[in-house]
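Report on the following structure.
The values are calculated or read from the model by the stated rules, or taken from the named source; none is laboratory data. Keep in mind the model is a prediction, meaning the values are calculated, not measured. All Cβ positions, even for glycine, are placed from backbone atoms using ideal geometry, and neighbour counts span all protein chains on display.
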Amino acid sequence: MTQITQISNSQIILEDVQFVFARNFSGRPEKYNRVGDRYFNVAVNPDDVELLQQYGINVKLYEPKATTPEQELKMQENPDMYTPTYFFKVRVYTQFSMPSVAIIYDDGALGTDDLVESHERTYLTNEDQLGMLDDMEIAACDMTIARRDPSPDGQYARLNLKNAYIHVVDNPLRRKYGF
């Protein structure tokens, strides 16, 4: 579960980030999303909800609901898969500057404090590359989120990705061919 390492009026540092729902780093249009708006949702430990709300963060609760009898049966058979989840939304704002994003290819042998060799990492340098993150299998993620006070007509703090270090499950073919 996502751990809050540090929180202040200007930033939030998270470790072991757990994403919920589909990530939209590419900015694709969706039912409630304009073209070009990039975002993702972070799962929150229920014990941290009150702390985040004290800093003006809009924490929401997702409670799965069965819409068909088949789905109701699945929910009864696997109650652990359908537990309520607290989450908040983070924007990936690229208009004036790119957030710093490093992808670390991890075969499972890389320790937390191990030196990451240059062939095991990639830095995203333009916003078109962010879309790759939508489809990658993320093993672990640590990030810093910039927190801005609400606009005069807003109620909640604005959260923008500042930097992220993303460990993705490595593909053996990528190692073989070098990309």
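Some observations on this one:
- Segment 132-179, subset loosely packed, with under 12 Cβ neighbours inside 10 Å and among the hydrophobic types (A, V, I, L, M, F, W, C), residue farthest from Glu15 (Cα to Cα): Leu173
- Residue match in segment 6-23 (condition: more than 19 Å from Pro150 (Cα to Cα), loosely packed, with under 13 Cβ neighbours inside 10 Å and either over 16 Å from the mean Cα position of the chain (by Cα) or of a type in the set (Ser, Thr, Tyr) (or both)): yes
- A residue that is within 19 Å of the chain's Cα centre (by Cα), modelled with pLDDT of 80 or more, surrounded by 14 or more Cβ atoms within 10 Å (Cβ to Cβ) and within 19 Å of Val17 (Cα to Cα) occurs somewhere in segment 72-85.
- The residues of segment 1-39 that are among the small types (Gly, Ala, Ser) and either in contact (Cβ under 8 Å) with a residue 40 or more places away in the chain or out of contact with any Gly (no Cβ under 6 Å at 6 or more places or on another chain) (or both), listed by number, are Ser8, Ser10, Ala22, Ser26, Gly27.
- Taking every residue in segment 56-80 that is in contact (Cβ under 8 Å) with a residue 40 or more places away in the chain and pairing it with any residue that is assigned to a loop (DSSP other than H, G, I, E, B), at least 6 positions away or on another chain, the pairs with Cβ-Cβ distances below 6 Å are Gly56/Tyr156; Gly56/Ala157; Ile57/Ala157; Asn58/Tyr156.
- Taking the conditions (1) more than 28 Å from Ser26 (Cβ to Cβ); (2) in contact with a strand residue (DSSP E or B) (Cβ under 9 Å, 6 or more places away or on another chain) in turn, Pro99 satisfies each one other than (1).
- Restricting Val49, Val92 to those that are touching a Leu at 6+ places or on another chain (Cβ under 6 Å) and at pLDDT 90 or above reduces the list to Val92.
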